[in-house]
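Before any comments, here is the structure.
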Amino acid sequence: MEVKVSFDSDGILSRVEARGHAGSEPLGSNPACAAATVLLRTAYETLSSTPGVEASGKAPSPGDLHFVVKHYPAGLVQRLRGIGDFLLVGLSSVEREYPGKIHVIIDGERRK
């Protein structure tokens, strides 16, 4: 699974694109993929349910999830930075625990 994460100039999560399946196991039976999916969906649901935040997302098929933050009030910058931090810490943990299964790319730079 490859997860591309982008941040805006305020350090706010602005775009996420996740593609692929984390491994050769059948869909639904891979803990790395399940963990990353739960983190991504939780981040999106938290963003999109925050009053004043305009976000849109879709998961058109298994292994394909995208979301974009289009607008947010200036007063929510700290909260939204926290959501981005949560997502990166979680994805980094999955990436470390399951080497080669999850690849996180931040603003075009692949993490090592």
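The values are calculated or read from the model by the stated rules, or taken from the named source; none is laboratory data. Values in this document were obtained by computation on a predicted structure and should not be read as measured data. Cβ placement follows ideal geometry from the backbone for every residue including glycine, while neighbour counts extend to all protein chains displayed.
State yes or no: is A22 part of a loop (DSSP other than H, G, I, E, B), at pLDDT below 95, surrounded by 15 or more Cβ atoms within 10 Å (Cβ to Cβ) and aliphatic (A, V, I, L, M)?
yes
What number goes with the only condition from (1) more than 14 Å from E95 (Cβ to Cβ); (2) at pLDDT 95 or above; (3) among the aliphatic types (A, V, I, L, M) that L27 does not pass?
Just one mismatch for L27, condition (2).
Could you run through segment 70-105 and say how many residues are closer than 13 Å to A43 by Cβ and of a type in the set (G, A, S)?
Matching residues across segment 70-105 total 3.
Mind checking which residues of segment 30-54 are of a type in the set (A, V, I, L, M, F, W, C) and under 21 Å from V89 (Cα atoms)?
Listed by number, the residues that qualify are A32, C33, A34, A35, A36, V38, L39, L40, A43, L47.
Would you be able to tell me the number of residues in segment 57-112 that are surrounded by 15 or more Cβ atoms within 10 Å (Cβ to Cβ), within 16 Å of G11 (Cα to Cα) and acidic (D, E)?
Of the residues in segment 57-112, 0 are surrounded by 15 or more Cβ atoms within 10 Å (Cβ to Cβ), within 16 Å of G11 (Cα to Cα) and acidic (D, E).
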